[in-house]
1. Test Asp361 against the criterion of being over 28 Å from the mean Cα position of the chain (by Cα) and surrounded by fewer than 16 Cβ atoms within 10 Å (Cβ to Cβ), and give yes or no.
2. Out of contact with any Ser or Thr (no Cβ under 9 Å at 6 or more places or on another chain), modelled with pLDDT under 80, part of a helix (DSSP H, G or I) and not small (Gly, Ala, Ser), is that true of Ile464?
3. Going through the stretch 365-393 one residue at a time, which ones are of a type in the set (Val, Ile, Thr) and closer than 24 Å to Glu298 by Cβ?
4. Is it the case that some residue within the stretch 480-503 is under 49 Å from the mean Cα position of the chain (by Cα) and surrounded by 10 or more Cβ atoms within 10 Å (Cβ to Cβ)?
5. Being hydrophobic (A, V, I, L, M, F, W, C) and modelled with pLDDT of 65 or more is the filter here, so list the residues in the stretch 273-298 that pass it.
6. With the structure loaded, tell me whether Ser328 is on the phi < 0 side of the Ramachandran plot, of a type in the set (Gly, Ala, Ser) and at pLDDT below 90 or whether it fails that test.
7. Evaluate the following for Val75: is it touching a residue at least 12 places away in the same chain (Cβ under 8 Å), out of contact with any strand residue (DSSP E or B) (no Cβ under 7 Å at 6 or more places or on another chain) and among the aliphatic types (A, V, I, L, M)?
Amino acid sequence: MSVLALIGYAVGGIVFLILLSGIRFIPNNRIGVIEKRFSGKGSVKSGFIAMNGEAGYQPRILRGGLHYLMPIQYVVHMMPLVTISQGKIGYVFARDGKQLDPAQVLASNATVTDFQDVEGFLKNGGQRGPQRRILREGTYAFNLVQFIVITEERIYTISLSKEESDTIRGMAEVIAQRGGFRPVVIKDTDDTIGVVTVHDGPSLGQGEIIAPVVGDEPAQADTYHNKFQDADNFLRAGGLRGRQLQVLVEGTYYVNRLFGTIEMIPKTIIEVGNVGVVVSYTGETGADLSGSEYRHGELASKGNRGIWNEPLLPGKYAFNTYAGKVISVPTTNFILKWIRADFGAHKFDENLTEVSLITKDAFEPSLPLSVVVHIDYQKAPLVIQRFGDVKKLVEQTLDPMVSAYFKNVGQTRTLIQLLQERSAIQQQSSLEMKEKFEHYNLELEEVLIGTPSSPEGDTQIETILNQLRSRQVAAEQVETYGQQEKASIKERELKEAQSRAQMQTRLTEAELNINIQTDQGKAEYQRSLQQAQQIRALAEAEAEKIARIGIAQALATEEQVRAYGGPQFQVTQQVLTRFAEAIQTSGVDVVPRVVVGGGTAEGGSTSSNVMEGLLTMLLSERFGVMADESAKAPRSPEADALREQIRKDMEKKK
């Protein structure tokens with residue numbers, strides 16, 4: 001094979017390899033940025049992107065798959081897809097496009113709908129620089145030569161120069177400092193609002209400090225720019241650069257922090273018992289609502305510049321404190337104390353001290369005061385309009401007025417009168433000062449006067465007070481002694497009365513006892529008489545009974561005597577019987593145990609019979625004489641009558 005043939009094969013192989021090198025494979029998770037090295041149309045004459053096929057970076061990109069490009073003429077730069085995480089924000093910087101206007105800070109995207117279409121972006125008037133439109137979460141296939149995408153995680157770009165990289169990195173730091181990679185989240189529990197400051201658009205007019213709300217009402221403003229989330233519509237609707245009157249309340253807002261920064265401030269809270277008087281720094285100058293006779297300023301209607309005639313009632317308000325001031329005015333009664341180092345929670349009276357007086361008798365006491373004041377909530381704007389705030393009202397008007405009044409009162413009274421007539425002075429001052437307070441749109445409820453005291457180092461007032469105390473103590477002692485004397489007299493009278501009552505009680509008891517004893521004696525006497533009569537009757541009955549029994553016994557005895565042979569025999573028998581019983585009872589041996597003589601020897605019965613016979617013979621002779629005498633004695637008539645009566649009774653019983 002000839003050398004020429006070999007050279008031909010070699011050249012053909014090289015050409016084939018070069019042609020094969022035009023085949024490009026792009027993975028699906030990446031893109032290819034095309035750079036054209038040379039072209040018959042020359043280089044780009046204006047701009048950065050070769051829109052007409054010139055040499056340079058091309059507007060279109062290669063997506064995943066196989067692509068064929070002319071070898072050597074094209075270079076493909078492999079770049080990742082742009083990914084924005086959930087709940088994050090991405091910022092876009094365009095290298096090519098129309099220049100920004102002198103007043104512009106961010107590029108307008110009014111005619112651009114898609115950053116992924118570079119050709120459409122440039123043909124539709126897209127501007128270079130940082131864009132107003134932001135990127136929400138998702139994955140994008142951007143031409144990273146035309147667009148630089150800044151996210152919280154990384155910066156997506158093809159670095160062209162160190163200076164540009166430093167600029168982009170500085171922009172990312174600014175966004176991070178403003179919290180721009182995350183949306184604005186305002187929670188209802190935080191009681192805060194967001195004040196927006198716009199950094200793009202026309203400037204405010206001369207003398208203006210707050211940009212007005214876009215549109216006539218805030219609701220219309222939301223339709224224009226959706227709470228500053230659509231920067232182009234905001235500016236198109238007439239929005240101005242600067243701090244905005246409209247604020248952000250609870251919610252989530254995706255705001256471009258290069259377009260507008262957000263400052264969180266607390267809500268305005270009007271506590272119960274207060275109203276908020278609004279002093280507005282913005283708005284139109286409206287008609288004066290205070291009336292022609294009021295010469296202390298003008299009142300404005302709500303929304304106009306000046307002091308609003310309608311105060312804010314208790315509640316929470318999303319009030320922009322950069323656009324105005326809310327002055328809290330108490331509507332409940334509050335106390336102002338002219339007492340050093342003693343003041344209320346509102347601190348309106350923290351600079352007040354006791355009123356220095358000069359009395360009629362040349363004493364110089366210090367008089368502590370307390371004044372109860374009320375402000376009508378409808379008159380609160382007038383008070384603020386005249387004095388600025390309540391503390392200035394107290395220090396610049398009420399303090400000198402009240403002090404002068406009581407100085408005049410002190411000059412017309414002595415120190416003792418000042419002390420003794422405190423109640424009258426307090427009542428009179430309440431009536432006289434009420435009219436003066438009404439002149440300042442205030443309502444005086446009550447004046448309270450304390451005890452005057454001496455200046456430091458002066459003891460004259462204390463001396464007078466001590467003398468008054470001593471005098472009063474003496475007077476009280478005199479009164480006490482008089483009362484004690486009266487009490488003693490009353491006590492003596494009481495004791496005498498009690499003694500009389502006790503004696504009367506005793507007398508009454510004695511009389512009752514006498515009566516009772518008399519009655520008891522009479523009862524005892526009657527009872528004794530009754531008992532005596534009863535005893536007499538019983539005695540008579542018993543005597544009669546005994547007599548009857550005796551007579552009966554006598555008659556029975558007489559009959560027995562007669563039956564036994566007469567009284568002598570009966571008496572003899574009874575005597576002997578009793579004599580025998582006596583000898584037997586005493587156990588005396590009447591007859592000796594040994595008898596000398598004849599007879600039987602068995603138990604001495606023969607001797608005993610002999611003794612009995614002997615005694616009978618001796619006694620029968622004596623008792624026979626007594627029996628005869630008894631029989632010869634005459635009977636009494638009573639005995640005979642009784643005997644007859646008993647006999648008759650016995651016969652009747654039979």
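The values are calculated or read from the model by the stated rules, or taken from the named source; none is laboratory data. What you are looking at is a predicted structure, and each value in this text was computed from that prediction instead of being measured. All Cβ positions, glycine included, derive from the backbone under ideal geometry; neighbour counts span all protein chains shown.
1. For Asp361, the condition - over 28 Å from the mean Cα position of the chain (by Cα) and surrounded by fewer than 16 Cβ atoms within 10 Å (Cβ to Cβ) - is met.
2. Spelling it out, Ile464 is indeed out of contact with any Ser or Thr (no Cβ under 9 Å at 6 or more places or on another chain), modelled with pLDDT under 80, part of a helix (DSSP H, G or I) and not small (Gly, Ala, Ser).
3. Hits for the stretch 365-393 are Ile375, Val383, Ile384, Val390.
4. yes
5. Listed by number, the residues that qualify are Val275, Val277, Val278, Val279, Ala287.
6. no
7. Working: touching a residue at least 12 places away in the same chain (Cβ under 8 Å): yes; out of contact with any strand residue (DSSP E or B) (no Cβ under 7 Å at 6 or more places or on another chain): no; among the aliphatic types (A, V, I, L, M): yes.
No.
So that you can scan it fast, the table gives a plain yes or no per residue for (1) in contact (Cβ under 8 Å) with a residue 40 or more places away in the chain; (2) over 30 Å from Tyr377 (Cα atoms); (3) part of a helix (DSSP H, G or I); (4) touching a His at 6+ places or on another chain (Cβ under 6 Å):
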residue	(1), (2), (3), (4)
Phe228	no, yes, no, no
Phe234	no, yes, yes, yes
Gly239	yes, yes, no, no
Val255	yes, yes, no, no
Leu258	yes, yes, no, no
Ile269	yes, no, no, no
